[in-house]
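Q: Right, I'll just put the structure down here and ask away after.
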Number of protein chains: 2
Amino acid sequence: MSRYALLLEYDGSEFNGWQRQSGGPTIQASVEKALRTFTRQKHLQVTGSGRTDAGVHARGQVAHFECETLPDDAFQRLVKALNGLLPPTVAVRATAQVQENFHARYDARLRRYHYYVSTEPLALERNRRLVIYPPPDFERMNRACALLIGNQHFGAFCRTRSATVNRICSIRRAQWEPEAHSGCWRFVVEADRFLHGMVRALVGTLLEIGRGKRSVQDMKRILATQDRRESGVAAPAYGLVLEHVTYDTPIFGGDN
Amino acid sequence: MSRYALLLEYDGSEFNGWQRQSGGPTIQASVEKALRTFTRQKHLQVTGSGRTDAGVHARGQVAHFECETLPDDAFQRLVKALNGLLPPTVAVRATAQVQENFHARYDARLRRYHYYVSTEPLALERNRRLVIYPPPDFERMNRACALLIGNQHFGAFCRTRSATVNRICSIRRAQWEPEAHSGCWRFVVEADRFLHGMVRALVGTLLEIGRGKRSVQDMKRILATQDRRESGVAAPAYGLVLEHVTYDTPIFGGDN
């Protein structure tokens, strides 16, 4: 047996999220199906670095699977073969053989998400970017972002029905950045872990601050309540992309 | 009567090109329909800076129309009202009142197109970027690009059935540039004017040079023939975006 890792990109809009389940297609099930076809190993399972919700996209999801060791030539063909078997909404960008004890979820040190918005009307990226008009005060939002940094209880930004007990996360980076195209901005957030619905709840709350509906200092108060009812309405899933997962040792060469 | 200009973004994949015609929906017809509804002026017509082909996108198309002068409040509402009336595949990004003799096509000084490619598998931008694998030699392609600069006859890159008589264009800039995401590149080309199918024929030919099927110097020979049969297969429309049109005086404020 050997263990392998995959670097995955996907358009979440046509899936019921990452995790295998009975209701509708999932990314995990699509990847498992392609791998089982290619390897002819029926019980192969795929573990992702985290479960992206329905509608959430990824450019840098990492997953691992274990199977009978692939001959060199089969491993060389893996990327191309999987992309031929997968729907066009899922792409394998790279593969790597990893150590037997590598775990895509437990070994992940840092996850980076981007949330994409535009303050101007859109046609080309209409399914990938939230239009917010009139423009919010990004400088004000960034002052609220500064309050998110560090090791804190993020219960106020965790979906109420989540079974996750530990709600402490360490946010290393949180900021709104302008992009090259006029009116385009993205929220960049990096943490050791994220709770269910956390980034979308953070974005929704920050937008309320940026529109003057809440004060910057309100962010401090919301965090202290540890109560989801105190934070803002979740921003829609289609603006959110899992961009990168960092491990102690780069897995795919380059900066991945 | 007054004359107004529009800055338009559109997803060309669901249209039969810019120009109004009988076969299928066009961008020009959609914009005219929305404007006629908003202004209640039945014979209003829209003139674009150029006719993008079926499947080609735009982020910076400029168009003008003439109509009975809009009251100030109607003009203020124009962007929002048109975006409410247009399909989600077309967006008005800005409007401006222009001089009575302004002409979106004749007054355009420079047009900039981008052609987007990726040397790695894609899922998120699969309808907006051509996947080219294995990666071509971009440095070699850029040496061929240098031969395109200047005032030349581009008959070898003009669709055979085109009725355009003057086939001299002045290319000011032509180069392949890497983008922020791994494997993503774009071809940037600026000229005073472009012939029918010209950018797609240029990209197709450059890719053949980048793959070693043709020499860099072959570009010189092809140009000299003025014969479309000598250049390469046109690259698909979905990678091409009209990014910007420049006029002597900026129309919409900012850099537009």
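The values are calculated or read from the model by the stated rules, or taken from the named source; none is laboratory data. Since the structure is predicted, the reported quantities are computational estimates derived from the model, not experimental observations. Note: ideal-geometry Cβ built from the backbone for every residue, glycine included; neighbour counts use all protein chains shown.
Q: State which residue is nearest to residue B:243 (Cα to Cα) when the search covers only segment B:1-46 and only residues that are in a loop (DSSP other than H, G, I, E, B) and of a type in the set (Ser, Thr, Tyr).
A: Kept after step one, since they are in a loop (DSSP other than H, G, I, E, B), are these residues of segment B:1-46: B:1, B:11, B:15-26, B:40-45.
With the extra rule that they be of a type in the set (Ser, Thr, Tyr), the set shrinks to B:22, B:26.
Details: B:22: 27, B:26: 19 Å.
The residue in question is B:26.
Q: OK, next. How many of the residues in segment A:76-91 are more than 11 Å from residue A:34 (Cβ to Cβ) and either in a helix (DSSP H, G or I) or more than 7 Å from every other protein chain (Cβ to nearest Cβ) (or both)?
A: Counting residues in segment A:76-91 that are more than 11 Å from residue A:34 (Cβ to Cβ) and either in a helix (DSSP H, G or I) or more than 7 Å from every other protein chain (Cβ to nearest Cβ) (or both) gives 4.
Q: Moving on to the next point. Determine whether residue A:189 is closer than 25 Å to residue A:15 by Cβ, part of a loop (DSSP other than H, G, I, E, B), in contact with a helix residue (DSSP H, G or I) (Cβ under 7 Å, 6 or more places away or on another chain) and among the β-branched types (Val, Ile, Thr).
A: Values: closer than 25 Å to residue A:15 by Cβ: yes; part of a loop (DSSP other than H, G, I, E, B): no; in contact with a helix residue (DSSP H, G or I) (Cβ under 7 Å, 6 or more places away or on another chain): yes; among the β-branched types (Val, Ile, Thr): yes.
Considered against the rule, which asks whether it is closer than 25 Å to residue A:15 by Cβ, part of a loop (DSSP other than H, G, I, E, B), in contact with a helix residue (DSSP H, G or I) (Cβ under 7 Å, 6 or more places away or on another chain) and among the β-branched types (Val, Ile, Thr), residue A:189 comes out as no.
Q: Could I ask something else about it? Could you grab me the full set of residues in segment B:217-256 that are among the β-branched types (Val, Ile, Thr) and in a loop (DSSP other than H, G, I, E, B)? Let's see the steps before the verdict.
A: Taking segment B:217-256 as the starting set, the residues that turn out to be among the β-branched types (Val, Ile, Thr) are B:222, B:225, B:233, B:241, B:245-246, B:249, B:251.
Listed by number, the residues that qualify are B:233, B:249, B:251.
Q: Something else now. So, in segment A:56-73, exactly how many residues are crowded, with 18+ Cβ neighbours inside 10 Å and either among the hydroxyl-bearing types (Ser, Thr, Tyr) or within 13 Å of another protein chain (Cβ to nearest Cβ) (or both)?
A: 6
Q: Identify, by number, the condition in (1) surrounded by 14 or more Cβ atoms within 10 Å (Cβ to Cβ); (2) within 14 Å of chain A (Cβ to nearest Cβ); (3) not in a strand (DSSP E or B) that residue B:94 doesn't meet.
A: Every condition holds for residue B:94 apart from (3).
Q: Sort out which residues of segment A:1-14 are touching a helix residue (DSSP H, G or I) at 6+ places or on another chain (Cβ under 8 Å) and surrounded by 24 or more Cβ atoms within 10 Å (Cβ to Cβ), and write them in order of number.
A: Once the filter is applied, which keeps residues that are touching a helix residue (DSSP H, G or I) at 6+ places or on another chain (Cβ under 8 Å) and surrounded by 24 or more Cβ atoms within 10 Å (Cβ to Cβ), segment A:1-14 yields A:6, A:8, A:10, A:12.
Q: Something else: Among (1) surrounded by fewer than 17 Cβ atoms within 10 Å (Cβ to Cβ); (2) small (Gly, Ala, Ser); (3) under 18 Å from the mean Cα position of the chain (by Cα); (4) under 24 Å from residue A:132 (Cβ atoms), which single condition is residue A:180 missing?
A: (3)
Q: Does at least one position in segment A:157-166 carry a residue that is modelled with pLDDT of 95 or more and within 19 Å of residue A:203 (Cα to Cα)?
A: Initial filter on segment A:157-166 (modelled with pLDDT of 95 or more): A:157-158.
Imposing the further condition that a residue be within 19 Å of residue A:203 (Cα to Cα) reduces the set to A:157-158.
Checked against the condition, which is being modelled with pLDDT of 95 or more and within 19 Å of residue A:203 (Cα to Cα), segment A:157-166 yields at least one hit.
Q: Hey, among A:46, A:31, which residue is of a type in the set (Val, Ile, Thr), crowded, with 20+ Cβ neighbours inside 10 Å and within 14 Å of another protein chain (Cβ to nearest Cβ)? If you could, list the steps in order and put the result at the bottom.
A: Working: A:46 fails: within 14 Å of another protein chain (Cβ to nearest Cβ).
From the options A:46, A:31, the qualifying one is A:31.
Q: Kindly provide the set of residues from segment A:214-238 that are under 26 Å from residue A:15 (Cβ atoms) and touching a strand residue (DSSP E or B) at 6+ places or on another chain (Cβ under 7 Å), ordered by number.
A: Of everything in segment A:214-238, those that are under 26 Å from residue A:15 (Cβ atoms) and touching a strand residue (DSSP E or B) at 6+ places or on another chain (Cβ under 7 Å) turn out to be A:235, A:236.
Q: Inside segment A:1-24, can you point out the residues that are more than 14 Å from every other protein chain (Cβ to nearest Cβ), more than 17 Å from residue A:69 (Cβ to Cβ) and either touching an Asp or Glu at 6+ places or on another chain (Cβ under 6 Å) or of a type outside the set (Ser, Thr, Tyr) (or both)?
A: Initial filter on segment A:1-24 (more than 14 Å from every other protein chain (Cβ to nearest Cβ)): A:1-5, A:16-17, A:19-24.
Checking the rest, the ones that are also more than 17 Å from residue A:69 (Cβ to Cβ) come to A:16-17, A:19-24.
Hits for segment A:1-24 are A:16, A:17, A:19, A:20, A:21, A:23, A:24.
Q: Please work out which residue is farthest from the other protein chains (Cβ to nearest Cβ), limiting yourself to segment A:113-152 and to residues that are under 24 Å from residue A:172 (Cβ atoms) and touching an Asp or Glu at 6+ places or on another chain (Cβ under 7 Å).
A: A:113
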